[in-house]
Structure formats: C-alpha cells, structure tokens
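Asker: Handing you a structure now.
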Amino acid sequence: MDAASSGAATDEGFRDTFDHQHELPLSRSLLDIRSLARGLRALEQLLCDTNPDIVHVHTPIASFLTRLAVRRMPPERRPAVVYTAHGFHFRKGGHSIVNALFRTAERVAGRWTDRLVVINDEDEAAARRHRIVPGRRLVRMPGIGIDTAWFAPSNVSPEAAAAARSALGVPADVPFFVFVGEFSANKRQANAISALAAMRHQDARLVLLGGGPLRARLEALAGRLGLGERVILAGVVDDVRPFLVSATALVLNSAREGLARSVMEALALEVPVAASNARGNAELVGESGFILPIGDIDALASALDWLIDHPEERRVMGQQGRERMIERYDLQIVIALHDQLYREVLAERAMGSSASGEHQPTSR
C-alpha cells in the first residue's frame, strides 16, 4: 500500500503505516498555477510507475488533480477512484464566488469518481442536491473513525492527568477548557479567548493546543483583554489525552469542519464539548454538550459557565458521548466499511464496469 502527499517522505506516521511513501509537489492554493501544473505531472508519472488498482483521494485540490490525472490515462489502465470529502469547500455561509468555484470543480470531477464518500449530514445533502455523483456512487461513512480503546478514560492514569495540569500551571481546583487545532482564521480561537473574558467564572482557564501563523495575534488578544495567565498557548503535544481528561470540556468554535477529530477524541474520553454549529459538529455532539452559533461569544461564555456549574450533568454528557463514539464511530467499524467499499469497486473494475448496481449509504 502506497501513500502520496506533500510531506509524505518525511512523515513518521506515513513511514510506519505505508509500504512506500511518495513526495508530491502539491499546493493548497488554486492561484498557484505553476505548482498545480507540477503536481499534475508528478501525479501522472506516479500513476504510471505504480499502476494502482484503487486510488483513494482526500483534500479538494489534490483530489481534483488526481482524478484529472486518472482521467487522462488510457481507459484500460485507469484505477478505480474513491474520494472522501472531509467537508466540501462550498458551504452554507461561505463566499459566493468560492462556493461556486469549488462546487463546479466537484461536479466536474464527480464524473471521474467511482465512489464519493461523505462524512456528515450537510455534505450528504449537498452531494445529492447538486448531483455531484449519481446516487449509486454516493457513500456515507462515519468519518475516519476513532480508536475508542486508546481514547478511553481508563487508559489515562490519574498521575498523567495531574502531570498535565501541572505542566500547564493550572491548580487542581481551577476549571479549564481545551481547544485543539491549528491557530488559523477558520478555527476562530480568538472567539474562544473573548468568551473566556466574558465568563462569570473569572478563574477559568483556556488551554490552546496546537500551533500556526496566528499564535502571536492570539497572544496579543489575550494581553489586550487582560487575561494574563488565564490563556495558555501550550503548543503541539504528542498525546492530548491527559490534557483532555483533566479538562472541564473541549471547545471548538470553527467556521468550517467536516467531522472534527478533536470532538471525537474528547467524547471518547467522556469529556463534553462546546462547539459551533459548523457542519458535522451537531451530529457528533448530540446531547453531550452545546452546539452554538458560529461567532456567538456570549452564547459560548454562557455554555462554559453552565458546564462549570453543573458537574453531574457534565459527567452524564461525557458518558453519553463515549457510548455514541463506540456505537457509531469506532475505528473498527470504519475499517470494515472501507474494506467492503474497496471490494465493491474492485469487483466493478474486474467486470469492466464503472459503478454497476446500487450502493446504499451506510448507517450513521
């Protein structure tokens, strides 16, 4: 099994998981025409060299280029193509021009796709509404799955949880919230910092795990709001589990999501969530926290205060969240569904058919 992406050759996780890793000069910008052209040529060469049976693609731009490269191959050599949309780049509330551009690209490339995999309600509805692929080629999956055995409260010792608090400088009797994600405009950590300033509980802390280009701006915002030691930018950590199990709740107020990994991890650890109503969040969180309008700072502050004030309800929320992760999103469920999917497309390929028969969306 091979993997190809920008950074694949140096990624330790890729080396541990895949037989071969291939570096590709891919850009995430539609405006970087030269890089896109180089990426297309590199993809065509890689497909020629490896001659795969199935190509499974992910991010929108790389997925479009890969499907175009497959389309340009001789028909008898084309592999089957599976595309997982981790949140379409056209969305409710998005910029109209950006939405139109990505929607058009998805519809064009949909003609070259044996299976389109969607992972949340909004994307499934959009795929059907815009007829990105025929219904028989549309598959619903519960995201990328979560290893609920690894992300289990019993797998984190009290000593590890206490050490995480100590490393953050948060006393044992002080509530704190964790935000996991790249420091970017989409993740909107600034809103979480502003909500912290608006809370009744003026002793609560906010821990930001991650890194990115907005770090200095977030530090400056915390300083302007007089939050001092209450906002802790802890950087990237190897293991988020001790930090999450120590927390009052996870915060995630992004503008755009697919099916957020950090939410799944928190819920599997029995930690409730206060999340924005970006796509995917509501169906993950359910009754295990709060779903709030994107950018509503007062609503987020009120939710965080409530979570501190109601420890027993918070505990029940967390337990319900873990039950849902085990029932619907466990990694073994997702692996079995992908095995089934690959068997189907390989059988169609063997018959020389491009998606014969109906494929029913999987249960959620």
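Asker: Would you be so kind as to identify which of L284, L341, I294 lies farthest towards the positive end of the dipole of segment 266-359, taking Lys and Arg as +1 and Asp and Glu as -1 on Cβ and the Cα centre as origin?
Answerer: Toward the positive end, the furthest listed residue is L341.
Asker: Considering only the other residues whose Cβ falls under 14 Å of the Cβ of G181, what net charge follows from Lys and Arg at +1 and Asp and Glu at -1? Provide the component values of the computation, followed by the final result.
Answerer: On the way: positive: K187, R188, R215, R256, R261; negative: E182, E257, E265.
That works out to +2.
Asker: Continuing with this model, one more query. Please work out the FRET efficiency for the pair D19 and Q340, using the Cβ-Cβ distance as r and a Förster radius of 22 Å; give the result to the nearest 0.05.
Answerer: FRET efficiency, D19 to Q340: 0.50.
Asker: Normalising by the residue count of segment 1-137, find the relative contact order in percent from Cα pairs under 8 Å and 6+ residues apart.
Answerer: Relative contact order for segment 1-137 comes out at 17 percent.
Asker: Let me ask something additional. Anyone know which of P134, P171, P272 comes out most mobile in the 10 Å Cα GNM of the chain?
Answerer: Checking each option, the largest mean-square fluctuation is seen for P171.
Asker: Moving on to the next point. Under a Cβ-only charge scheme (Lys and Arg +1, Asp and Glu -1), can you give me the dipole magnitude of the chain about the Cα centre, in debye to the nearest 20?
Answerer: It comes to approximately 1640 debye.
Asker: Can you pull the accessible area of H86 for me, 1.4 Å probe, Å² to the nearest 10?
Answerer: For H86, solvent-accessible area is about 80 Å².
Asker: For a quick protection proxy, order the peptides 308-316, 107-115 by their average other-Cβ count within 10 Å, most packed first. Please list the in-between numbers first.
Answerer: Working: 308-316: 13.1, 107-115: 19.6.
In decreasing order of mean packing, 308-316, 107-115 become 107-115, 308-316.
Asker: [x] 29.9; [y] 18.3; [z] 22.5: which one is mean projected area of the Cα convex hull in nm² as calculated from this entry?
Answerer: Computing mean projected area of the Cα convex hull in nm² and matching it to [x] 29.9; [y] 18.3; [z] 22.5 gives [y].
Asker: Please identify the trypsin sites (Lys or Arg not before Pro) of segment 128-172 that satisfy two criteria: DSSP loop assignment and at most 11 other Cβ atoms within 10 Å. Which are they? Kindly include the intermediate steps, with their values, before the conclusion.
Answerer: Details: sites: R128, R129, R131, R136, R137, R140, R165; in loops: R131.
Hits after loop and neighbour filter: R131.
Asker: Here's something else I'd like to know. Pairs of Cα atoms under 8 Å, at least six residues apart: use those to get the relative contact order of the chain, whole percent.
Answerer: Numbers: 637 pairs, mean separation 57.3, N = 364.
The normalised contact order for the chain reaches 16 percent.
Asker: Still on this structure: Nearest 500 deg cm²/dmol is fine: what mean residue ellipticity at 222 nm does the chain get from its DSSP H runs of n ≥ 4 alone, each adding -39,500 (n - 2.57), divided by its residue count? Please list the in-between numbers first.
Answerer: Values: 14 runs with 157 residues, N = 364.
So the helix-based figure for the chain works out to -13000 deg cm²/dmol.
Asker: Let me ask another. Under 8 Å for C-alpha pairs, at least 6 residues apart: give me the relative contact order for segment 191-297, rounded to a whole percent. Spell out each step's value before the answer.
Answerer: Values: 151 pairs, mean separation 25.6, N = 107.
This gives 24 percent for segment 191-297.
Asker: In a GNM of the chain with a 10 Å cut-off on Cα contacts, which of P158, P175, P60 has the highest mean-square fluctuation?
Answerer: P158
Asker: On a 1.4 Å probe surface of the protein chains, which of L208, L292, L26 comes out largest in accessible area, and what is the full order?
Answerer: Per-residue accessible area, sorted high to low, gives L26, L292, L208.
Asker: How would you rank 61-67, 73-79, 200-206, 317-323, highest first, on the average number of other Cβ atoms within 10 Å across their residues?
Answerer: Packing order, densest peptide first, comes out as 61-67, 317-323, 200-206, 73-79.
Asker: Which whole-number value in Å² is the accessible area per residue of the chain, probe 1.4 Å?
Answerer: Details: 17170 Å² over 364 residues.
Heavy-atom accessible area per residue stands at 47 Å².
Asker: Within the chain, what whole-number % of the accessible surface is contributed by carbon and sulfur, with the 1.4 Å probe and all protein chains included in the calculation? Kindly include the intermediate steps, with their values, before the conclusion.
Answerer: Values: 8910 of 17170 Å².
Carbon with sulfur: 52 percent of the solvent-accessible area.
Asker: Please work out the FRET efficiency for the pair D32 and H201, using the Cβ-Cβ distance as r and a Förster radius of 35 Å; give the result to the nearest 0.05. If you can, show how the numbers build up before the last one.
Answerer: Values: r = 46 Å, r/R0 = 1.30.
The calculated FRET efficiency here is 0.15.
The values are calculated or read from the model by the stated rules, or taken from the named source; none is laboratory data. If you're wondering where the values come from, they're calculated on a predicted model, not measured in any experiment. Virtual Cβ from ideal backbone geometry, glycine too; neighbours counted across all protein chains shown. To get the accessible areas, we keep the full protein, side chains included, count just its heavy atoms, and leave off ligands, DNA and RNA. Shrake-Rupley method; radii C 1.70, N 1.55, O 1.52, S 1.80 Å.
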